[in-house]
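A quick write-up on the structure given underneath.
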Amino acid sequence: MIITISREFGSGGRDISRALAAHYDVPLYDQNMLSEIGIDESYDIDRINQYDEAPRWMIRSRTVRGLTNSNIDNIAMKEFDFLREKARVKESFIVLGHCGESILKEYDPISIFVNASMDLRIERTMQEFELDEKEAYALTKKNGSQSQDVS
Amino acid sequence: MIMSAILAMFIDSITVILFLAAVTVELAQLLKFDPVPVILAEIFCANLGGAATMCGDPPNIIIGTALGYSFSDFINNTGMIAGISLFFVVLYFWFCFAKKLKKSEAYLEQIDSFPDPSQAILNRMCFIQSTLIFLLAIVLLVSHAYTHLTVAFIGVFIALLTLVCAGSQAKDLLKQVDYKTLLFFVGLFVVVGGLEETGVLEIVAEWIANWSNGNIYLMVLVILWVSAVASAVVDNIPFAATMIPIIRMLAQSQSVPLTTLAWTLSMGTDVGGSATPIGASANVVGTAVAMKAGYPISWGKYCRYCVTATLLVVMISMVCIFVRYV
């Protein structure tokens, strides 16, 4: 069983994914994938997190013969390979974000998209980040296209 | 570093770094050391080595072919500057990374398990054929001033020879030819030709001439540093192609030796690309190979070491050009 969860920022996708993972007793792959994809142990994984599910800066990257200097792209490719391998060996898991529904399409996953009203998303953002309403609105709007969730 | 520079004199830097970076990563995993400093040094030295010969870097091929210079012309001029720069670059990277790369104790433990290099050769006949063709290419390139064969003819001849020797695999080889790059070059020369015909390049040449007031020191300064900075952010191939008509016009209008401006342009475009992760193809390939192996190299880490090295080499080039040619 493979469940892919995509979500709008602030809609509670991460909470739902954790609850599902606990209910079905399967691994949940989110940012924790970074420690699984072979990044050398000398690197601070928390610092590498900045590359996870981040938009690529076109001006700062180039591709030559299929190889790119973009750490964002390279980490994404490693994560995709990791997920495909897990699916290939028929492991059950839940993946939050990371284009799971696209790259695992051939394995016919259960795909869930979590969304919520703007009011609820702002309210959750205010609680999680301890922001006032105006700041929470700005943060929610800024992250809207990236579909990141609050922790 | 020295192997990287020497290989890049004859083989394109992308291939050199693809090979060396992969080897470095394997060694790093075997001997438990951080490969990033070594890869950064290899990338820089590959770009520097490519500046030493006519076939080492595409801008040199374009400059040499357009202005009629030979392989030995480059060796005697940019080769000398690159050689002096390589000495200082090796010292620089040694001081930067010596403490990070202490001899690993794992070396002594693993030495018996090191693979035998001859085991990597899967087909002895193909290996011998490829080596002979490669050596023939080098001989033809080094001697092309005497044989009057153009670099383009040598390239095509070697390619055809390789296809003949490949036999039934020739079709697969042809499929792997980078046709997009060939079309890119065709388009590039059409665009540069258009800029030249419409007088845009003449305007740039006049601006340089007016700003420098005919002073060759200032002309060298402008061409060298602008080439270096531009190559750090844009592809050095179109930049070099665009600058060739400009330096030709400058040489004619200001009675400045064309060779001086040519070597200046060559060093600026070849070396400037080393400053940033996107400045040269070898940089992109090296950082990508490192990342794929689990060693991400950020812009900050790359530029911290390579911008200084680039400035060092550009300054050495400037001094060499002033002393020898002006």
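If a/c stays under 1.5 just call it rounded; otherwise compare a/b with b/c (prolate if a/b is bigger, oblate if not). Do that for the stretch A:62-101, with a ≥ b ≥ c from the square roots of the Cα gyration tensor eigenvalues.
Prolate, since a/c reaches 1.5 and a/b exceeds b/c.
Please compute one quarter of the surface area of the Cα convex hull for chain B and express it in square nanometres.
So the Cα hull casts an average projection of 18.1 nm².
Excluding A:I3 itself, calculate the net charge of residues whose Cβ lies under 14 Å from the Cβ of A:I3, where each Lys or Arg counts +1 and each Asp or Glu counts -1.
0
State, to one decimal in nm, how far the label point of B:F185 lies from the label point of A:F113, with both points 7 Å from Cα in the Cβ direction.
Between B:F185 and A:F113, the label points sit 4.7 nm apart.
Probe radius 1.4 Å, ligands and nucleic acids left out: which of B:W207, B:W263, B:W299 has the largest accessible area, and how do the rest follow?
B:W207, B:W299, B:W263
In whole angstrom, how far apart do the alpha carbon centroids of the stretch B:121-138 and the stretch B:25-98 sit?
24 Å
Can you list the aspartates and glutamates whose alpha carbon is less than 20 Å from that of B:K180, not counting same-chain residues fewer than 8 positions off?
B:D12, B:D57, B:D172, B:D235
If you find the alpha carbon centre of the stretch B:287-326 and of the stretch B:262-283, how far apart are they in angstrom?
With the stretch B:287-326 and the stretch B:262-283 each reduced to a Cα centre, they are spaced 9 Å.
According to the square roots a ≥ b ≥ c of the eigenvalues of the Cα gyration tensor, what is the shape class of chain A, taking rounded for a/c under 1.5, prolate for a/b larger than b/c otherwise, and oblate for the remainder?
In terms of gyration-tensor shape, oblate.
For a quick check of understanding: with a 1.4 angstrom probe and all protein chains in place, what accessible area in square angstrom does A:C99 have, to the nearest ten?
Surface accessible to solvent at A:C99 totals approximately 70 Å².
So what's the net charge close to B:P59: Lys and Arg +1, Asp and Glu -1, counting the other residues with Cβ under 13 Å from its Cβ?
-4
How do B:V191, B:V177 stack up against each other in accessible area, from largest to smallest, with a 1.4 angstrom probe?
Per-residue accessible area, sorted high to low, gives B:V191, B:V177.
Leaving ligands and nucleic acids out of the surface, order B:Y92, B:Y146 by accessible area at 1.4 Å, largest first.
Listed by decreasing accessible area, they come as B:Y146, B:Y92.
Kyte-Doolittle cut-off 0.5, length cut-off 24 Å along the helix's own axis using Cα: show which whole DSSP H helices in chain B pass.
B:13-31, B:78-97, B:124-142, B:179-197, B:216-233, B:236-254, B:299-325
What are the lysines whose alpha-carbon lies under 21 Å from the alpha-carbon of A:K90, with same-chain residues fewer than 8 places away excluded?
A:K78, A:K105
Grab the beta carbon distance between B:T15 and B:F322, set R0 = 35 Å, and tell me the FRET efficiency rounded to 0.05.
So, using R0 = 35 Å, E works out to roughly 0.55.
Divide by every residue of chain B the summed helix terms, -39500 (n - 2.57) for each DSSP H run of at least 4, and state the resulting mean residue ellipticity at 222 nm, rounded to the nearest 500 deg cm²/dmol.
Calculated at 222 nm, the ellipticity per residue is -25000 deg cm²/dmol.
Starting from the Cα gyration tensor of the protein assembly as shown, take the square roots of the eigenvalues, sort them a ≥ b ≥ c, and report rounded, prolate or oblate (rounded when a/c is under 1.5, otherwise prolate if a/b is larger than b/c, else oblate).
prolate
Quick check: convex hull over the Cα atoms of the stretch B:178-240, volume per residue in Å³, rounded to an integer?
That works out to 85 Å³ per residue.
Scan chain B and hand back the longest stretch that contains none of the trypsin sites (Lys or Arg not before Pro) lying in DSSP loops with at most 16 other Cβ atoms within 10 Å.
B:104-326
State, to one decimal in nm, how far the label point of A:Q127 lies from the label point of B:L173, with both points 7 Å from Cα in the Cβ direction.
Result: 6.8 nm between the two label points.
In whole Å, what are the extents of the stretch B:113-250 along the principal axes defined by its C-alpha atoms, from largest to smallest?
Principal extents (Cα only, largest first): 62, 38, 34 Å.
Name the aspartates and glutamates eligible as straight-distance cross-link partners of A:K141: C-alpha to C-alpha under 19 Å, and not fewer than 8 places from it in the same chain.
Straight-line reach from A:K141, under 19 Å: A:E8, A:E53, A:D119, A:E123, A:E128, A:E130, A:D132, A:E133, A:D149.
Using R₀ = 41 Å, calculate the FRET efficiency as 1/(1 + (r/R₀)^6) where r is the Cβ-Cβ separation of A:M1 and B:K301; round to 0.05.
Taking R0 as 41 Å, the efficiency between A:M1 and B:K301 is 0.50.
The values are calculated or read from the model by the stated rules, or taken from the named source; none is laboratory data. Owing to the predicted nature of the structure, the values given are computational and were not obtained by experimental measurement. Cβ coordinates were reconstructed from backbone atoms using ideal geometry, including for glycine residues, and neighbour counts include every protein chain displayed. All accessible areas refer to the heavy atoms of the entire protein, side chains included, with ligands and DNA or RNA removed. Shrake-Rupley method; radii C 1.70, N 1.55, O 1.52, S 1.80 Å.
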